[in-house]
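Engineer: Here it is, the structure in full.
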Amino acid sequence: MTLTPLVYWAQRHEEIYLRVELTDAQVSETRPLPSDITVAQGHGAKGQNEYEFSLEFLFPVKPEVSYKSTQRQVNVVVRKEKRGWWERLVTQERKPVFLAPDFDRWLEESDAEMEIREKEERRNRLRSARLKEPGFISLKTGFLFAYNLVQFLGFSWIFVNMTVRLFIFGKDSLYDTFHTISDVMFFCQTLAAVEVLNAAFGVVRTGVVPTFIQVVGRNFILFIIFGSLDEMHNQPVVFFVFYLWSAIEIFRYPFYMLGCFNTEWKTLTWLRYTVWIPLYPLGVLAEAVAVLQAIPIFDKNNLFSIPLPKAIGGSLSFSYVLQGYLILMFLGLFINFRHLHKQRKRRFRTKKRKAN
């Protein structure tokens, strides 16, 4: 005759724990319900016998069930299909007579959330401790530090070089910026594509869309507007675009470098989250001026023009693409400005809370 064992239960947000009171039990089958969980040939309250119990869970559970049989009991772990806190274990409001709370593992919902936070804090402390160990640098940390260092050196060279030339040559330096600076700028902005990949694959915690907009937008100006038109090489607008780009990056990349080692310099943090407020809109304005100057040049030389079907004849000037790009540029400005403002607000609000 099949008997029913005593079963004790407890839960967490993602798991259900069942403790079956059977001594020296041999588990023949465990399946998440609506199927049965069967425990055979165990010594229970009524001696050596075959025991079986069935539970119809309140919500769906995952098909994988793990169990461990000891000399005193059988421990079963069932994973919930959706993370959440159940008000009870089974569908019927009146629990089965063989089922009781496992007070050794019982937690209220608030206590379970606190347990999760404590585990996360312990993991963070262990991670921080490992990072502080002498000679320990993870592959990810080393990669991010090296990338930010290279970018910082590149944009610093651009900024310092342009500043020195401005003081030495005055206005004349505005007209040969492309010829003296473009090689390093091409290198830095091509390498910036790594930031999009880092965001897309979760290497860093940042939005993919804002990063994509900034990198693609800058490279469009650099490669299409400046790089493909010889007439743009001597335009003063090149100086302003390059100078504003580099002025932002010489604060951003060292901030990320320190962040690789959980280190912060308050002055640098303030500059990283503040200098973009005037510089970023000015940079977009300079880029828009460059596009407006390039439109008549594209109309004149038909570069990148789109050929139309023979029945229509002629071609569609690339200048129409640039006119549409101007609209997208200011839309991107709004998206990125909003993103950066949220970052700044979240950063300094968090610091204020810690101070309080």
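Engineer: Write down the accessible area per residue of the stretch 204-356 in Å², having rolled a 1.4 Å probe over the full set of protein chains.
Structural biologist: Accessible area per residue, the stretch 204-356: 56 Å².
Engineer: What FRET efficiency, computed as 1/(1 + (r/R0)^6) with R0 = 35 Å and r the Cβ-Cβ distance, is obtained for S66 and T206, rounded to the nearest 0.05?
Structural biologist: Efficiency at R0 = 35 Å is approximately 0.45.
Engineer: Still on this structure: Relative contact order for the chain: what percent, with Cα pairs under 8 Å and sequence separation of 6 or more?
Structural biologist: Relative CO of the chain lands at 12 percent.
Engineer: Hey, what do the phi angles of the stretch 163-180 turn into as Karplus ³J(HN,Hα) couplings, whole Hz, using 6.51/-1.76/1.60 and θ = phi - 60°, x for Gly and Pro?
Structural biologist: Result, ordered by residue: 5, 4, 5, 5, 5, 7, 9, x, 4, 4, 5, 5, 9, 10, 4, 4, 5, 9 Hz.
Engineer: Any idea how far apart D176 and W265 come out in nm if each label point goes 7 Å out from Cα toward Cβ?
Structural biologist: 3.3 nm
Engineer: Run the helix sum for the chain: -39,500 (n - 2.57) per DSSP H stretch of 4+ residues, divided by residue count, reported at 222 nm to the nearest 500 deg cm²/dmol.
Structural biologist: -17500 deg cm²/dmol
Engineer: Taking H as built 1.01 Å from N, whose amide H comes closer than 5 Å to the amide H of V90, not counting residues under 5 places away?
Structural biologist: Amide H neighbours of V90: L58.
Engineer: At q = 0.11, 0.15, 0.19, 0.21 Å⁻¹, what base-10 log of I(q)/I(0) does the Debye formula yield for the stretch 199-356 when every alpha carbon is treated as an equal point scatterer in vacuo?
Structural biologist: At q = 0.11, 0.15, 0.19, 0.21 Å⁻¹ the computed log10 ratios are -0.56, -0.89, -1.22, -1.39.
Engineer: With axes computed from alpha carbons, what is the tilt in degrees of helix 208-219 against the longest principal axis of the chain, rounded to the nearest 10 within 0 to 90?
Structural biologist: It is inclined by approximately 20 degrees.
Engineer: Provide the per-residue ³J(HN,Hα) series for the stretch 243-260, in order, calculated from phi with Karplus coefficients 6.51, -1.76, 1.60 and θ = phi - 60°, each as a whole number of Hz, with x at glycine and proline positions.
Structural biologist: Rounded to whole hertz, the list is 5, 5, 4, 5, 5, 6, 6, 5, 9, 6, 5, x, 4, 5, 4, 5, x, 4.
Engineer: Listed highest first by mean packing, meaning other Cβ atoms within 10 Å per residue, what order do 143-153, 165-175 come in?
Structural biologist: 143-153, 165-175
Engineer: Packing-wise, with mean Cβ within 10 Å as the measure, how do 92-101, 116-125, 280-289, 266-275 rank, highest first?
Structural biologist: Peptide ranking by packing, descending: 280-289, 266-275, 92-101, 116-125.
Engineer: So who's got an amide H within less than 5 Å of the one on T23, skipping anything under 5 residues away but keeping other chains? H placed 1.01 Å off N, in plane.
Structural biologist: Placed amide hydrogens put H43, G44 under 5 Å from T23.
Engineer: How big is the equivalent ellipsoid of the chain along its three axes, where each semi-axis is √(5λ) from the Cα gyration tensor, reported in whole Å from largest to smallest?
Structural biologist: 65, 26, 17
Engineer: So how tilted is helix 109-132 from the main axis of the chain? Cα-based, degrees 0 to 90, rounded to 10.
Structural biologist: 50 degrees
Engineer: Let me ask another. Taking θ = phi - 60°, what integer Hz values does the Karplus form 6.51 cos²θ - 1.76 cosθ + 1.60 yield along the stretch 296-301, in sequence order, with x for Gly and Pro?
Structural biologist: x, 5, 5, 4, 6, 9
The values are calculated or read from the model by the stated rules, or taken from the named source; none is laboratory data. Everything numeric here is computed off the predicted structure, so don't read it as measured data. All Cβ positions, glycine included, derive from the backbone under ideal geometry; neighbour counts span all protein chains shown. Note: areas computed on protein heavy atoms with side chains; ligands, DNA, RNA excluded. Shrake-Rupley method; radii C 1.70, N 1.55, O 1.52, S 1.80 Å.
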